[in-house]
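Right, one structure below, let's go through it.
The values are calculated or read from the model by the stated rules, or taken from the named source; none is laboratory data. None of the values given here were measured: they were computed from a predicted structure. Ideal geometry is used to build each Cβ from the backbone, glycine not excepted, and the neighbour counts take in all protein chains shown. All accessible areas refer to the heavy atoms of the entire protein, side chains included, with ligands and DNA or RNA removed. Shrake-Rupley method; radii C 1.70, N 1.55, O 1.52, S 1.80 Å.
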Amino acid sequence: MKALITGATSGIGMSIARKLRRRGWELILTGRNEAMLKQLKYELGDTEVITADLSDRNDVFKVYEFCKDKNIDLLVNNAGYGIFGRFEQTDLEDELRMIDVNITAVHILTKLFLRDFKRRDHGMILNVASSAGFMTGPLLSSYYASKNYVVRLSLAIAEELRRDKSNVSITILCPGPVDTNFNNRAGVNFSVKPITADFAAEYAIRKTFEGQLIAIPGFSMRAGVFASRFVPYKLMSAITYGIQHRKKSSEGKGKAALS
Ligand SMILES: NC(=O)c1ccc[n+]([C@@H]2O[C@H](COP(=O)([O-])OP(=O)(O)OC[C@H]3O[C@@H](n4cnc5c(N)ncnc54)[C@H](OP(=O)(O)O)[C@@H]3O)[C@@H](O)[C@H]2O)c1
């Protein structure tokens, strides 16, 4: 069995890579960090790597071209990051790059691999979204919105697959805070205790293999996402804003309630 994992150089993606390798999977790993990819190739064995910046559409297609004749069984769309700040103040170019990684690359790879998987009537897609994908997130607005896109796109695809009685499955991983490099990159701290990347990865792999559609690691986060369904939109935005705004530190960094 063979998996392509984006964002495999750190955090949840790296943990998924190690866990799949331990189960005997062959891997294709990608990220921008070439040194880390080389290290993982050496450490894990039976692993191919391809350096790619997924904010560049050409690199996204390059990754697909590299993989398309290699009989991938599992696509893990994991690469992603967040940008913290008031919407009118965050840098437009940074945000457009984030949208390219969090949305466009996920969209392209999901479509191209789904076509191949459907032709073979075999394959699994694991899209790493976030619990933020069910909510509105003032102060991390574009990030939350990008994860909403991943959730909604994946849910729609799942229904099309169900109606086709397809053997192809799609799973959406929606964790709350996870202890990774995410915080450093977004310039935030979490206000609740994060789960580990290993915990999130193990849960994600288990639920993907079970063919479960939505995978939310941790009982309290599952309960939180469920409860959020009954909160009116404006109240949800006010609560999220309040939590995040209150947690701003004196250095001007914020703390995100959910990521
Ligand atoms: N940590 C959390 O609290 C949390 C919660 C919910 C969901 N998530 C989601 O989980 C996923 C993984 O994040 P993480 O928490 O594991 O964070 P992380 O440790 O920062 O890992 C992010 C990964 O994405 C890759 N990446 C970022 N920008 C990229 C680009 N332009 N091109 C290619 N790869 C890129 C990074 O690789 P390079 O640096 O090598 O490019 C890295 O491997 C993300 O989609 C994130 O939104 C995280």
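Modelled label-to-label distance, Arg23 and Ala156, 7 Å Cα→beta-carbon offset: nm?
Label-label distance for Arg23 and Ala156, simple model: 2.9 nm.
Return, for the Cα atoms of the stretch 103-146, the radius of gyration and Dmax in Å, separated by a comma.
13.7, 43
Ranked highest first by average number of other Cβ atoms within 10 Å, how do 61-70, 127-136 line up?
Numbers: 61-70: 15.2, 127-136: 25.4.
For the peptides 61-70, 127-136, the packing ranking is 127-136, 61-70.
Any chance you could check the Cα centroid distance between the stretch 103-144 and the stretch 1-69 for me, in angstrom?
A separation of 17 Å, based on Cα centres.
Arrange the peptides 183-194, 200-211 so that the one whose residues have, on average, the most other Cβ atoms within 10 Å appears first.
Top of the packing list down: 200-211, 183-194.
For helix 106-120, what angle does its Cα long axis make with the longest principal axis of the chain, in degrees from 0 to 90 and rounded to 10?
30
Tell me, what is the per residue accessible area of the stretch 129-205 in Å², probe radius 1.4 Å? Let's see the in-between values first.
Values: 3140 Å² over 77 residues.
On a per-residue basis, the stretch 129-205 sits at 41 Å².
On a 0 to 90° scale, report how tilted helix 34-44 is relative to the longest principal axis of the chain, with both axes built from alpha carbons and the result rounded to the nearest 10.
Approximately 60 degrees, to the nearest 10.
Restricting the calculation to Cα positions, tell me the Rg (one decimal) and the Dmax (whole number) of the stretch 2-256 in Å.
Cα-based Rg and Dmax for the stretch 2-256 come out at 17.7, 55 Å.
His245 to Gln89: FRET efficiency via 1/(1 + (r/R0)^6), r the Cβ-Cβ distance, R0 22 Å, to the nearest 0.05?
Working: r = 14 Å, r/R0 = 0.62.
E between His245 and Gln89, to the nearest 0.05, is 0.95.
Can you tell me the length gained on complete extension of the stretch Arg32 to Thr196, counting 0.36 nm per residue apart and subtracting the Cα distance? Walk me through the intermediate numbers first.
On the way: separation 164, 0.36 × 164 = 59.04 nm, distance 2.27 nm.
56.8 nm is the gain from fully extending Arg32 to Thr196.
Sticking to Cα atoms, compute the Rg of the stretch 69-154 to one decimal and its Dmax as the biggest Cα-Cα distance, whole number, in Å.
14.5, 47
Restricting things to alpha carbons, find the Rg to Rh ratio for the stretch 189-232 using the Kirkwood radius for Rh. Intermediate values should be presented prior to the final figure.
Working: Rg = 12.2 Å, Rh = 11.8 Å.
For the stretch 189-232, the value is 1.03.
Using only Cα atoms, tell me the angle between helix 219-228 and the longest principal axis of the chain; keep it within 0 to 90° and round to the nearest 10.
Orientation of helix 219-228: about 60 degrees from the principal axis.
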